[in-house]
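One structure is given below, encoded as structure tokens.
The values are calculated or read from the model by the stated rules, or taken from the named source; none is laboratory data. Keep in mind that what you see is a predicted model, and the values were worked out from it rather than measured. A quick note on method: Cβ atoms are made from the backbone with ideal geometry, for glycine too, and the neighbour counts reach across all protein chains shown. What goes into the accessible areas is simple: the full protein's heavy atoms, side chains included, and nothing from ligands, DNA or RNA. Shrake-Rupley method; radii C 1.70, N 1.55, O 1.52, S 1.80 Å.
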Amino acid sequence: MPIRIADAVTEAAPQGAKRLFVKSYGCQMNVYDGIRLADLMKPHGYALVEEVEGADLVVLNTCHIREKADDKLFSDLGRFKKAAPQAILAVGGCTGQALGAKIFQQESAVKIVFGPQTIQRLPTLLEKALRGQRAIDTDFPELEKFDRLPTPGAYGASAFVTIQEGCDKFCTYCVVPYTRGAEISRPHGDIVAEVQALAAQGVKEITLLGQNVNAYQHEGVGLATLCQLVGAVPGIARVRFTTSHPNNTTPDLIAAFAPVEQGGNPKLMPYFHLPVQAGSDTVLARMNRNHTVASYLETIAAVRAVRPDVAISGDFIVGFPGETEEEFQQTLAVAAHVGYVGAYSFAYSPRPGTPAAELPDQVDEVTKKTRLAALQAVLDAGTAAFCERFVGQTLEVLVEGPAKDAGQLRGRSPHNLPVNFTYGAADPVALVGQLVPVTIRRSTQRSLVGKME
Ligand code: SAH
Ligand code: SF4
Ligand code: F3S
């Protein structure tokens, strides 16, 4: 799950405005929801602030994917209630959905609980809480939140747009089908309108989001066509999407990665996030992934056949119940074979209510940690090798802002690699949000360093 915050602008709170602090955990869909939530509360007199101290409303936009994510929520709640004792504390997101009213029992300071599909109802919940009552809403009203949410506020050069939510796949380890509900796609007209509004504010790069983004389907429009519609919006120079599922990767989507002369989409960036989770068919079967290692590798090969330099990223779980050393070695082999630009790898975390949590032969924590380290070493080698290939090339970089080092800017390459670069005598302020040519002088473990031409 590549986390990249669209640069939502936190403006200085105007005189008299109430202060809203939002912390988003987990995937980019939560980041998107967090930004929309801040936009939603603006007309109600709430301005987004960066520090929790002195906040009037604190929203924890939570993730339930692994046990660690829940632990973080409760430790943060303890911290935030001390830092902002007068604030109304609200828990939204996937843990809100999964635990519901149990959160009130676990932390009595919490006054509001809601889920990912009910963020638009926060103002009503807040009214109730301000009257001193506990307020909870964990319904699944399909797409209501997109209808009710206002047009996005100020962003940087790059923005996320959620186009699909939920999951019908029920992998045996995963809570998402329960926390986000069934797969549902937003109308393509609404998505294009949202992208037009973002482009009007200077956004040049759109990342389309979904738990199974390539399952997108609305009135005959699939993801490949949607990428064309979004790429055709004036001002939009780059289109990306994440996260894809191997079983929803259609030939037209693969064809979209081809060079423009071969009918590809010139706005679609050469980056494809396609999680595999494990490198053995036996583990994949126990995970209920409904695909094999061979079918996954065939998909990767098909994308590379039309776009040889495409950056492939993925997700892995090690230590799934019953995983043998031999099965784990097969995962290492797949990681080495694919040569990922980067991948997210996790130790399996048993989640209450999921079938895998009940399986026998749970792998011990030490073995999980050892396997995770071994996998990460293979993945890191792949990342460094992928970065290195760009040394000496001139790449188009979308400038995001100042780099940590003085005299440098940072941005993203077409393959989504971070690029830090010097800019000579140019005005750095004018370059932010622009696409500029940068010649790469060296690479680091996971980024590029260069000089603007
Ligand atoms: N829909 C996407 C992934 C969404 S969840 C897909 O199927 O690819 C993001 C990632 O979290 C998953 O890809 C998986 O690698 C990881 N994950 C999910 N449940 C997990 C669990 N119980 N323990 C460890 N990692 C988990
Ligand atoms: Fe979870 Fe599997 Fe759905 Fe991905 S496809 S969200 S891992 S159930
Ligand atoms: Fe976490 Fe929910 Fe995203 S569980 S990964 S925030 S869909």
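Do we have residue 215 as closer than 25 Å to residue 284 by Cβ and either small (Gly, Ala, Ser) or more than 16 Å from ligand 3 (Cβ to nearest atom) (or both) here? When the stated conditions are applied, residue 215 passes them. Would you confirm whether any residue within segment 35-47 is closer than 30 Å to residue 365 by Cα, away from ligand 2 (no atom under 16 Å from the Cβ) and of a type outside the set (Val, Ile, Thr)? There is no residue in segment 35-47 that is closer than 30 Å to residue 365 by Cα, away from ligand 2 (no atom under 16 Å from the Cβ) and of a type outside the set (Val, Ile, Thr). Just so you know, in segment 405-440 the residues that are without any contact (Cβ under 8 Å) to a residue 12 or more places away in the chain and among the small types (Gly, Ala, Ser) include one that is least open to solvent (accessible area, probe 1.4 Å), and it is 430.
On inspection, residue 274 qualifies as away from ligand 3 (no atom under 16 Å from the Cβ), free of Cβ contacts under 8 Å to residues at least 60 places away in the same chain, within 30 Å of residue 328 (Cα to Cα) and in contact with a helix residue (DSSP H, G or I) (Cβ under 8 Å, 6 or more places away or on another chain).
In segment 315-329, the condition of being polar (S, T, N, Q), open to solvent by 40 Å² or more (accessible area, probe 1.4 Å) and within 16 Å of ligand 2 (Cβ to nearest atom) is met by no residue. Is it true that some residue in segment 153-172 is more than 16 Å from residue 33 (Cα to Cα), aromatic (Phe, Trp, Tyr) and without any contact (Cβ under 8 Å) to a residue 40 or more places away in the chain? For segment 153-172, residues more than 16 Å from residue 33 (Cα to Cα), aromatic (Phe, Trp, Tyr) and without any contact (Cβ under 8 Å) to a residue 40 or more places away in the chain: absent.
Restricting 295, 280 to residues that are more than 11 Å from ligand 1 (Cβ to nearest atom), open to solvent by less than 10 Å² (accessible area, probe 1.4 Å) and touching a residue at least 12 places away in the same chain (Cβ under 8 Å) narrows the list to 280. Within this structure, residue 285 fails the test of being surrounded by fewer than 21 Cβ atoms within 10 Å (Cβ to Cβ), more than 16 Å from ligand 3 (Cβ to nearest atom) and either more than 20 Å from residue 328 (Cα to Cα) or among the hydroxyl-bearing types (Ser, Thr, Tyr) (or both). A single entry from 356, 336, 343, 301 fulfils the requirement of being surrounded by 19 or more Cβ atoms within 10 Å (Cβ to Cβ), among the small types (Gly, Ala, Ser) and assigned to a helix (DSSP H, G or I): 356. Here residue 238 passes the criteria (1) under 30 Å from residue 97 (Cα atoms); (2) open to solvent by less than 10 Å² (accessible area, probe 1.4 Å); (3) among the charged types (D, E, K, R) except the one numbered (1). Report yes if residue 175 is in contact with a strand residue (DSSP E or B) (Cβ under 7 Å, 6 or more places away or on another chain) and within 29 Å of residue 355 (Cβ to Cβ), otherwise no. No.
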